[in-house]
Amino acid sequence: MIEDDETIADAVADRLRSEGFVVEVCGDGPTGVDRVVTTGPDLVVLDLGLPGMDGLEVCRRVQRERPVPVLMLTARDDEADELLGLAVGADDYLTKPFSMRVLAARVHALLRRAAGERTAGVDAASGPGRLSIDADRRRVFVDGAEAHLTVTEFELLATLARRPGVVRTRQQLLAEVWGYHGGATRTIDSHVRALRRKIGEDLIRTVHGVGYALAERAP
């Protein structure tokens with residue numbers, strides 16, 4: 001966990017340790033990057049506002065060194081912050097104040113996604129024409145070039161790819177990808193925008209007022 005507020009850091013660390021996790025806490029950006037590189041954690045809980053280096057730059061550097069699931073924390077409920085976080089490789093987003101129960105649930109869900117528990121039913125090499133999804137190796141190619149996706153972006157794309165052309169509602173996607181039942185759906189739209197930037201605007205279709213579907217064949 002990379003968080004400069006000791007009260008929050010201690011509370012989160014205590015809760016995650018009670019869930020059975022080994023937790024290391026860093027209080028600034030540069031130290032956090034160094035520790036992620038040297039220890040290779042399974043997941044990073046990352047504050048957006050940090051001394052020495054902000055959370056966006058930390059996330060960018062961490063993902064460049066070794067892709068790892070990142071849960072980003074912010075003091076502002078600002079969609080621009082969320083989009084920036086997703087753009088540099090964050091997988092999920094929580095606004096302070098948050099409940100420890102919700103944070104623990106997000107951590108568990110993100111680790112399940114990282115383990116690939118939700119990719120069952122996707123062929124080893126599937127996708128509409130110019131899009132290829134290798135579920136076994138968790139790699140995605142568009143027109144032969146690899147698209148480097150975060151854990152959550154891959155799970156979202158794999159979920160849509162199970163039934164190309166079939167519309168998934170935002171609530172269905174929250175349940176299938178994030179493991180949430182009910183709750184805000186803004187994060188779905190943010191992740192779809194981030195995913196489209198990497199695989200192309202035309203491969204995921206928006207059904208206004210309903211949800212999203214993967215194109216059935218290459219445009």
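What translational diffusion coefficient, in µm²/s and rounded to a whole number, does the Stokes-Einstein relation yield for the range 131-214 at 25 °C and a viscosity of 0.890 mPa s, taking the hydrodynamic radius as the Kirkwood radius over Cα pairs? Once the numbers are plugged in, D ends up at 190 µm²/s.
Note on L174, L156, L195: ascending count of other Cβ atoms within 10 Å places them as L174, L195, L156, the fewest first. Could you tell me how many degrees, from 0 to 90 and to the nearest 10, lie between the Cα long axis of helix 100-114 and the main elongation axis, the longest principal axis, of the Cα atoms of the chain? The two axes meet at around 50 degrees. Taking 7 Å steps out from each Cα toward its Cβ at E216 and E201 produces label points 2.4 nm apart.
Here the calculated FRET efficiency for A80 and A175, from their Cβ-Cβ distance with R0 = 30 Å, stands at 0.65, rounded to the nearest 0.05.
At a threshold of 8 angstrom on Cα-Cα distance, excluding pairs fewer than six apart, so keeping six or more, what relative contact order does the range 131-214 reach in percent? Normalised by residue count, the contact order of the range 131-214 is 30 percent. A simple charge model with +1 on the Cβ of Lys and Arg, -1 on the Cβ of Asp and Glu and nothing else charged puts the dipole of the chain at about 1000 debye relative to its Cα centre.
Using the rule -39500 (n - 2.57) for each DSSP H run of four or more residues, divided by the residues of the chain, the 222 nm mean residue ellipticity is -12000 deg cm²/dmol.
Rg and Dmax of the chain, both derived from C-alpha coordinates alone, stand at 17.2, 52 Å. When I2, I204 are arranged by Cβ crowding within 10 Å, least crowded first, meaning fewest neighbours, the order is I204, I2.
The numbers here are math on the coordinates, done by the rules we state, and not lab data. As the structure is a computational prediction, the values presented were derived from the model and not from experiment. All Cβ positions, even for glycine, are placed from backbone atoms using ideal geometry, and neighbour counts span all protein chains on display.
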